[in-house]
Amino acid sequence: MRSVEIDSVRRRLELAGLERESTDEIEPELSAKASRWLRFLTTFSARRQIGALLDDRAIHNVYVTMGREAQIDLLDGLIRWMEEERELRGALDVASSPAAASVEPELVVWARENGVENELDAPIAALGDFAGKGHWFGDVLRHYGRITVRHAASGEARVSGFAPREQLLAARAYLERAAAESRAAAAREARWARTPERAVLAQLARALLPAERSLAGRARFGADLSDLVLDPDALTLFATDLDAPPHPANVTLDLSRHEEGIVLLLPSSARPAAVLSLARWALDIAHDPAHPMHERLAAALEVPAWTRMLDSVSATLARPPSPDPTRLAFFVSADARGFVSVDVSRQARGLKGWNRGKRLVGRARFETKPIDPRERLAMLSLASSFPDDAGAHATALAA
């Protein structure tokens with residue numbers, strides 16, 4: 001006995017071009033009740049394409065014996081799935097006609113109109129962060145090296161554990177993000193083309209821009225970070241990478257050596273996407289006078305490193321004395337060009353002598369002139385008298 005309802009659903013599948021879809025891939029997309037009843041029906045037939053399954057007389061015989069509530073759950077689930085699939089694929093009611101075969105997928109057309117058609121040729125691994133399956137899924141997709149975003153956007157990719165509907169959703173999210181990033185990049189380039197008026201911010205921008213370019217080559221998009229925080233005493237900018245696995249983690253921009261043209265993005269284990277966003281955030285602050293942190297950052301950077309060092313030393317000496325033996329150690333070193341820098345650490349004496357200590361503040365550098373070779377020899381000679389603390393290229397002077 002054939003069911004009119006089942007035949008009606010099968011015809012709608014044919015019109016939508018979905019009759020060849022596998023029941024194994026459809027089942028996870030249905031509601032829990034519809035999924036259970038579809039799985040029940042597949043036990044009565046060897047056919048696994050949804051159209052062929054619903055054409056099987058045995059399925060009709062089983063369907064008419066099911067309760068009305070179960071029939072409604074199944075039909076409602078299949079119809080909802082068809083509507084979602086047709087929307088995602090841009091399917092037409094005549095999708096099974098020869099003319100429809102030449103219709104370009106809607107998502108491909110959208111990508112071209114929004115200037116991101118080149119993203120369609122990216123490997124399907126680019127969809128890893130957009131599939132809703134976790135950061136690990138990108139590694140799985142790398143095994144499908146010949147499959148691209150275009151295949152997923154066209155509903156042509158065949159990837160284990162990645163249903164066509166999931167691929168289309170991920171491809172749509174990826175292309176929308178790419179389009180937004182393209183617009184943001186144009187705005188950034190226009191903003192960064194203007195040299196900051198404050199000299200310290202201009203120097204910071206010159207140091208950060210190469211890092212941003214390098215990171216952009218490793219991460220297609222930036223990460224979502226929490227609100228940025230400026231610590232003017234430690235001279236750091238930090239935020240939280242909300243999507244860092246397995247839990248949110250801080251990323252930091254250390255500006256304590258900005259006078260040397262050096263900025264550090266920490267930690268080294270941070271996701272490239274997170275430090276990329278942090279670098280861009282700092283560049284925006286440096287270039288945009290209207291940014292609420294622009295003046296604060298400039299004021300913090302304009303405090304000379306020596307002033308910051310001496311303030312830190314004074315604050316340390318003002319504390320109540322420690323019951324354990326401690327000292328301040330000044331580490332003097334010279335770079336390859338001969339410029340001298342000083343680090344200050346608070347050290348404690350242990351069983352094996354003075355430890356390496358904790359740095360009090362960022363390195364301070366003489367901005368006068370480099371030392372000559374004779375002065376370098378004198379410094380190294382002085383360093384040799386403190387072998388346990390300084391090593392071959394620095395001098396530790398106990399305060």
Qualifying residue in segment 54-67 (condition: under 40 Å from the mean Cα position of the chain (by Cα) and among the charged types (D, E, K, R)): no
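Rundown of residues vs (1) surrounded by fewer than 18 Cβ atoms within 10 Å (Cβ to Cβ); (2) not aliphatic (A, V, I, L, M); (3) not in a helix (DSSP H, G or I), yes/no style:
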position: L13; (1), (2), (3): no, no, no
position: R20; (1), (2), (3): yes, yes, yes
position: A34; (1), (2), (3): no, no, no
position: A46; (1), (2), (3): yes, no, yes
position: L54; (1), (2), (3): no, no, no
position: L74; (1), (2), (3): no, no, no
Any hit, segment 126-146, residues being farther than 23 Å from D24 by Cα and of a type in the set (A, V, I, L, M): yes
Matching residues, segment 286-319, being part of a helix (DSSP H, G or I) and more than 38 Å from the chain's Cα centre (by Cα): L310, V313, S314, A315, T316, L317
Count - residues of segment 234-289 that are farther than 17 Å from L215 by Cβ, among the acidic types (D, E) and in contact with a helix residue (DSSP H, G or I) (Cβ under 8 Å, 6 or more places away or on another chain): 2
Unique residue being without any contact (Cβ under 8 Å) to a residue 12 or more places away in the chain and among the acidic types (D, E) when the list is E212, E176: E176
Conditions (1) exposed (fewer than 13 other Cβ atoms within 10 Å of the Cβ); (2) at pLDDT 90 or above; (3) under 22 Å from the mean Cα position of the chain (by Cα): number failed by A171: (1)
Tally of residues being touching a strand residue (DSSP E or B) at 6+ places or on another chain (Cβ under 8 Å) and over 26 Å from S314 (Cβ atoms) across segment 227-243: 6
Members of segment 208-227 that are surrounded by fewer than 16 Cβ atoms within 10 Å (Cβ to Cβ) and at pLDDT 90 or above: L209, P210, R213, S214
L328 within 20 Å of L255 (Cβ to Cβ), over 38 Å from the mean Cα position of the chain (by Cα) and outside any loop (DSSP other than H, G, I, E, B): no
Answer from E119, E166, E189, E181 - the residue that is assigned to a helix (DSSP H, G or I), over 30 Å from I262 (Cα atoms) and modelled with pLDDT of 90 or more: E119
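The values are calculated or read from the model by the stated rules, or taken from the named source; none is laboratory data. Quick caveat, the model's predicted, so the values are computed rather than measured. Please note: Cβ atoms are built from the backbone with ideal geometry, for glycine as well, and neighbour counts cover all protein chains shown.
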